[in-house]
Ligand SMILES: [Zn+2]
């Protein structure tokens, strides 16, 4: 098995509110319990300009890569641009693309990063500079690796950027299950949106998710890119849903099982996770990836 990860995902400066250490802590957790061997962690290269341009405008790619964001753009992004930040987010675009290619080859692709669903074609929002999810499916469709693909976004926050970039693209579908009334304040229509009231717990969540997954897979995507944000966990500081840790694991098992049963490859990315202790978020993320590997054994 192979999982995509770069130590460069940890950015010390400019992202004080976003715990970038969770990426390396997640990778370490997977190594510590033997889920992965060190040689199974693969570091992505930087994406090509054309890979970024699949999802983004030339103006935004230039700013994201080289800087020059206005104060308003940085405020919306909620991160301070730095060369290290740009490198981390660019690498994540390629990491998700590589995980998708692994999925198409073996059934499962793993990215210990990615899931930047709030990035739009021409600007960043909410810790998301570049949209790895949209860039990956657009690249794979443009290069004819797939004609139909779906993004399953189970982060507690709505996948507004992905929905915006992929809107109206034939063969590309977006499903977002998220908290009603949560960030972002203005939602962008996905192919299918399900807004769940704060406090929604395991049983109701899982029932709705299964119905939605079956409806989505009826569109016969050849690839599912799974944004597996763990900010649906009841202890998350930014989320208001009430999934237990067991509920988050059951969510992941459900996604992997339903896709596997129907022969649909899955590439999994991390997404949000804002536990008070970053190690708790990392443990939840690691469990998602472990469940993916168990499900596709
Ligand atoms: Zn989130």
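Since residue 88 meets every condition but one in (1) out of contact with any strand residue (DSSP E or B) (no Cβ under 6 Å at 6 or more places or on another chain); (2) buried (at least 19 other Cβ atoms within 10 Å of the Cβ); (3) not in a helix (DSSP H, G or I), which condition does it not meet?
Going through the list (1) out of contact with any strand residue (DSSP E or B) (no Cβ under 6 Å at 6 or more places or on another chain); (2) buried (at least 19 other Cβ atoms within 10 Å of the Cβ); (3) not in a helix (DSSP H, G or I), residue 88 breaks only (3).
Would segment 278-295 turn up any residue that is away from the ligand (no atom under 16 Å from the Cβ), more than 18 Å from the chain's Cα centre (by Cα) and not in a helix (DSSP H, G or I)?
Within segment 278-295, not a single residue is away from the ligand (no atom under 16 Å from the Cβ), more than 18 Å from the chain's Cα centre (by Cα) and not in a helix (DSSP H, G or I).
Residue check, residue 162 against (1) within 16 Å of the ligand (Cβ to nearest atom); (2) at pLDDT 95 or above; (3) assigned to a loop (DSSP other than H, G, I, E, B), all met but one. Which one?
The one condition residue 162 does not meet is (3).
Given (1) part of a helix (DSSP H, G or I); (2) touching a helix residue (DSSP H, G or I) at 6+ places or on another chain (Cβ under 9 Å), where does residue 147 come up short, assuming only one miss?
Checking residue 147 against (1) part of a helix (DSSP H, G or I); (2) touching a helix residue (DSSP H, G or I) at 6+ places or on another chain (Cβ under 9 Å), the one that fails is (1).
With the checklist (1) in contact with a helix residue (DSSP H, G or I) (Cβ under 8 Å, 6 or more places away or on another chain); (2) part of a helix (DSSP H, G or I); (3) in contact (Cβ under 8 Å) with a residue 12 or more places away in the chain in hand, flag the one item residue 45 doesn't pass.
With (1) in contact with a helix residue (DSSP H, G or I) (Cβ under 8 Å, 6 or more places away or on another chain); (2) part of a helix (DSSP H, G or I); (3) in contact (Cβ under 8 Å) with a residue 12 or more places away in the chain applied to residue 45, the lone miss is (2).
Could you figure out which of (1) buried (at least 23 other Cβ atoms within 10 Å of the Cβ); (2) within 22 Å of residue 168 (Cβ to Cβ) isn't true of residue 230?
Every condition holds for residue 230 apart from (2).
Using the structure shown, decide if residue 240 is touching a residue at least 24 places away in the same chain (Cβ under 8 Å) and either farther than 20 Å from residue 31 by Cα or part of a loop (DSSP other than H, G, I, E, B) (or both).
When the stated conditions are applied, residue 240 passes them.
Got a number for residues in segment 253-277 being touching a helix residue (DSSP H, G or I) at 6+ places or on another chain (Cβ under 8 Å), within 16 Å of the ligand (Cβ to nearest atom) and not in a strand (DSSP E or B)?
Residues flagged as touching a helix residue (DSSP H, G or I) at 6+ places or on another chain (Cβ under 8 Å), within 16 Å of the ligand (Cβ to nearest atom) and not in a strand (DSSP E or B) within segment 253-277 amount to 3.
So which of 136, 119, 55, 64 is closer than 17 Å to residue 164 by Cβ, in contact (Cβ under 8 Å) with a residue 12 or more places away in the chain, part of a loop (DSSP other than H, G, I, E, B) and more than 16 Å from the ligand (Cβ to nearest atom)?
It is 55.
Assigned to a loop (DSSP other than H, G, I, E, B), within 16 Å of the ligand (Cβ to nearest atom) and out of contact with any strand residue (DSSP E or B) (no Cβ under 7 Å at 6 or more places or on another chain) - does that describe any residue in segment 215-230?
The answer is yes; a qualifying residue exists.
The values are calculated or read from the model by the stated rules, or taken from the named source; none is laboratory data. Remember, predicted model here, so these are calculated numbers, not experimental data. Glycine gets a Cβ as well: all are built from the backbone with ideal geometry, and neighbour counts include every protein chain shown.
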